[in-house]
Structure formats: structure tokens, C-alpha cells
Amino acid sequence: MRFEPTMVREEKTARQLFEQVKANPARAKFGFGNRVAIVNVDFQQAYTRPDLFPRTAYVTDPDQIAHVNRISAAARRLGMPVIWTRVMYKADAGDAGVWGTRTNTPDSLQNIKADSDRHAFDPRVEIDRAVDFVFDKRMPSAFFETPLPSYLVWHKVDTVIVTGGSTSGCVRATAVDSLSHGYRTIVAEECVADKHESYHYANLTDLLLKYADVVNVAEVDAHLAALAG
């Protein structure tokens, strides 16, 4: 048997397609559960400070970090987990694996070294190190070979709210793994960012269609307020 291509082709931008899917009133949702965790992916200067690292940093919503700080504080007040990840590699980059083999410039991924300016958290993020869980990762997903899965089980989490960057990279990988681990997965639209509008919205559309609820951060605020009673 042989079939002609069935792939749909439309003269619409990635953003237009995302807005079309998001506006569909019949779109089913996974919804929020009762025990949330906020997983804040890679709010480190390599990705959040275009003034310092214009080749690797990105800004989509100028208020992204303020939104993330607010929902993280709300979850913390409820006694629910707040997690912060960063990417870094050892001096010889031997722990970057094949991911670190395509380029080798000062801006390359595998050259984010421990305690460097690129590894440092953005000074605007509000981390409570007494209670928040902070760890480094090596691969895109916050779940891959990290303590996150067991941490979420211990805290009886049923809903993972993902923020950070990039939308097309570590956010997407984390959201897919979150669903794969059995969690209701929420991506707060204003809380994620990418280098290019096309990558950003194409990946939000794919997440929305398959792996996560992509919602406005106001919905996250409202859910956390409802949990607080």
C-alpha cells in the first residue's frame, strides 16, 4: 500500500495555530489536582540575562520572573514543593555526553561550569533555600537522572506546574516526562520563554494538544488561592 501525504499545511504562524487550539472550547483538560509542585527550570543567567549573554538568553514575557516568584511563594505558603533546576558540567565537560559534542565555543552548553556566571541563578529569582529543592541537571528534562521523581512521590504531588526555559527544550522535555510519570502537567504560558516565537508557540501547541494544559498564569494564581481557602 502507498498513501499520499496527509500532513496539514496552512498559511498560519505558529502563534496563530497556538491561539486557535487554545481557544477551542471543546478542548479537554487534565486539570489541577490537590497537591502541586512548582518546577522552575533553569532560571540561570545563561538563559535569563540578555545583557550578559545575548547569544543564549531569551525573554518572552518581561514579567516572567515576577510571575514565577509569585506562584512559587503561593505554593510555599501552602507547604507544597518548589523546585529550582540549573544546568552545569564539570571542568572537562565529560558529563555532557553527546549533547556537548556539536560545538565548542564559550557559549556552548557544555561550557556552563559550576559556580560560573552562566551557572548562577538570576538575582531576581526568589529562592527560599531553607525549604525549596535546588539541584543541577545535565540533560533537558528535570526528571532525567535527578532526585526529582522520588521527591515528588515523597511529597504526594499529583500536579506539576512547569515554568522556565526554553519552551522548546528543557520545558518541553520536563513536561513530557512529568506526564510520563503520571502527573497532571500544567505549563503557565507567561512563565516560559524561548529564543524564537516560532519555536515557542509550536512547542506550546504540541504540549497543549498532547502532554499538558497550557494556561494563563492567572489560572495558576486562582487555583493556588482556592487551595489556600
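The values are calculated or read from the model by the stated rules, or taken from the named source; none is laboratory data. Because the structure is a prediction, the values reported are computed rather than measured. We place every Cβ from the backbone using ideal geometry, glycine too, and count neighbours over all the protein chains shown. To get the accessible areas, we keep the full protein, side chains included, count just its heavy atoms, and leave off ligands, DNA and RNA. Shrake-Rupley method; radii C 1.70, N 1.55, O 1.52, S 1.80 Å.
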Rounded to the nearest 20 Debye, what is the dipole magnitude of the stretch 1-99 about its Cα centre when Lys and Arg each give +1 and Asp and Glu each give -1 at the C-beta? 400
Just how large is the dipole of the chain about the Cα centre, in debye to the nearest 20, putting +1 at every Lys and Arg Cβ and -1 at every Asp and Glu Cβ? 400
Can you compute the equivalent ellipsoid semi-axes for the stretch 82-173, i.e. the square root of 5 times each eigenvalue of the Cα gyration tensor, sorted largest first and rounded to whole Å? 24, 15, 12
Choice from Ala218, Ala28, Ala202 with maximal GNM fluctuation in the chain (Cα, 10 Å cutoff): Ala28
Cross-link pairs beyond the 18 Å C-alpha cut-off, checked among Lys22/Lys195; Lys113/Lys137; Lys90/Lys113; Lys29/Lys210; Lys90/Lys137: Lys22/Lys195
For the chain: accessible area per residue (Å², 1.4 Å): 51
Give the whole-number value, in cubic angstrom per residue, of the convex hull volume spanned by the C-alpha atoms of the chain. 162
Per DSSP H run of at least 4 residues, take -39500 (n - 2.57); add these up for the chain, divide by its residues and hand me the 222 nm value, nearest 500 deg cm²/dmol. -8000 deg cm²/dmol
Run the accessible area of the chain with a 1.4 Å probe and give the carbon-and-sulfur part as a rounded percent. 54
